[in-house]
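The values are calculated or read from the model by the stated rules, or taken from the named source; none is laboratory data. The structure presented is a predicted model; accordingly, all values stated were derived computationally and were not measured. Please note: Cβ atoms are built from the backbone with ideal geometry, for glycine as well, and neighbour counts cover all protein chains shown. In case anyone asks, the SASA skips ligands and DNA or RNA and just uses the protein heavy atoms, side chains included. Shrake-Rupley method; radii C 1.70, N 1.55, O 1.52, S 1.80 Å.
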Amino acid sequence: MKTLLIICDGMADRSIPALAHKTPLEIAKKPNMDWLAKRGISGIMDTIAPGTTPGSDTAHLALLGYDPYETYTGRGPFEAAGAGIDLHPGDIAFRVNYATVDKNMIITDRRAGRIQDTKALAEAVQKIKLKGAEFIFRSTVAHRATLVLRGKGLTHEVSDSDPHEEGKRPLKVEPFLQSQEEVVPAYPIIAGGVRKYVMRRRWAAKTAKLLNEFSQKAHEVLKKHPINLERVKNGLPPANYLLIRGGGVVPHLKPFQERFRINGACVAAAALVKGVCKLAGMTVVDVPGATGSVNTDLNAKAKAVLNLINNHDFVILHVKGADEASHDGNIKAKIEIIERVDTIINQFIDAFDFIVITADHTTPISAKNHTADPVPVVISGPGVRTDDVKTFSERAAAKGGLGRIRGKDLIPIIVDLMGKSPKFGA
């Protein structure tokens, strides 16, 4: 039994007045998704929990069957692992955006015009010298990058430098632990609580100082870099600042294959998704032309999926473009990427026993951000109890026989259909 899970990042939406109060998924021409809905079972899914807005990191942990409340330690390590960095125990990792600041240090573009091909910029930043820790800086996809700090006396308990909106200055990184009362109740005095607090606060102060120093030095390097000078000359926003956020330590995840008795693989462009799958012990492949954007080469990704069938029971195909279009408020681009995903599905129908389609979270065009709305899901394959749903969309799926589930329930349901689920009890 072979299963393909297609995750269309941010595909789910709310009704849009400009689309006659329909969603992009309801408007898009998607005959293959609708075909699967007619022959499968549909439902809606709260990736984390009802009313809880998922981050992309916690959402993908849940979709792989892990409880994010038990396993999540910050987004940074997933980004770093997905970028191909070999993480060591104790490493502190952060996600980074290339951004644009003006001469007054006001952020004018948090994504530096969604700049592409930043490898040369990352190489220049890597030459910076920091006293007190080693660091690894690497570009990932488009405006995204990752930063790893390595050394003694470091912690992820520091604030972001990203204010998460334009028109503001980058924030100074601060230690989270500011007062003794914030931590001592968790560590009674008899267990050495004060000592542990003092140590953690010292580490946080050191880490914050290093990150602020790194940010300043990186800005000096980037604003003088030939690539950015050329971008300014051509009227493009320069990638002259690094916004740091999402710090975390490497989590311990029980390998996916040990948990579910199936071996898995992942085809994705987004470093985050690749990192989650890699830390779960899954095979992760790099695909030339996969950009993590609306212009990604879906045929190349489809070919990579098909190449994984013989040696893997379970394959994830992740497509990022719908989420990007949603964050940009681009209705047309969102509909187009949904339709493009649909065109490659017919390549998988005869190759896989089960095909599952869903989203990791809802990203409404109106909000330009993640929301807690449940996402649609359809499972098609042998033995599935089909329902009366005829199309794949948010509203149609809500009438399906699968009902309303949580993200961490999806893999156990799939594993049972594959005949791999162990009996609980005698």
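Structure notes:
- Tail weight of P(r) past 20 Å, computed on alpha-carbon pairs of region 1-139, percent: 68 percent
- Exposure rank, largest accessible area first [H143, H252, H88; 1.4 Å]: H252, H88, H143
- Percent accessible area from carbon and sulfur atoms, region 6-118, protein chains only, probe 1.4 Å: 51 percent
- Listed pairs K30/K254; K172/K301; K119/K168 exceeding 29 Å between Cα atoms: K30/K254; K172/K301
- Interchain or long-range residues, amide H under 5 Å from F176's placed H: V158, S159
- Largest GNM mean-square fluctuation among G248, G74, G403, using the chain with Cα springs under 10 Å: G403.
- Kyte-Doolittle mean at least -1.0 and Cα axial length at least 18 Å: DSSP H helices in the chain: 193-223, 331-345
- Dipole magnitude of region 61-112, debye to nearest 20 (Cβ charges: Lys/Arg +1, Asp/Glu -1, about Cα centre): 300 debye
- Candidate aspartates and glutamates - alpha carbon under 16 Å from K2, same-chain residues fewer than 8 apart omitted: D313, D350, D353, D416
- Of the GluC sites (Glu not before Pro) in region 100-174, the ones in a loop by DSSP (not H, G, I, E or B) with at most 15 other beta carbons within 10 Å are E165, E166.
- With a 1.4 Å probe rolled over the protein heavy atoms of all chains, the accessible area of E220, E70 falls in the order E70, E220, largest first.
- Qualifying aspartates and glutamates (Cα of each under 14 Å from Cα of K152; at least 8 residues distant if same chain): D91, E134
- Most mobile listed residue (A62, A18, A372) in the chain, GNM with C-alpha springs under 10 Å: A18
- If only the Cβ of Lys and Arg carry +1 and only the Cβ of Asp and Glu carry -1, the dipole of the chain around its Cα centre is close to 940 debye.
- Selected from P374, P17, P54 as most flexible by GNM, with the chain as the system and alpha-carbon contacts under 10 Å: P17
- Residues in the chain average 43 Å² of solvent-accessible surface per residue, probe 1.4 Å, ligands and nucleic acids excluded.
- Whole-Å distance, taken between Cα centres, linking region 197-216 and region 8-83: 35 Å
- For region 346-362, putting each phi into the Karplus relation 6.51 cos²θ - 1.76 cosθ + 1.60 with θ = phi - 60° gives couplings of 4, 6, 9, 4, 8, 8, 10, 6, 10, 10, 10, 10, 7, 10, 7, 6, 8 Hz, in residue order, rounded to whole numbers and with x for Gly and Pro.
- Loop-located trypsin sites (Lys or Arg not before Pro) in region 202-247 whose Cβ has at most 12 other Cβ within 10 Å (DSSP): K224
- Each of A93, T391, I365 was scored by the projection of its Cα onto the charge dipole of the chain, and the greatest displacement toward the positive side belongs to A93; charges sit on the C-beta of Lys, Arg, Asp and Glu.
- Dipole in debye (nearest 20) - region 137-177, about Cα centre, beta carbon charges: Lys, Arg +1; Asp, Glu -1: 280 debye
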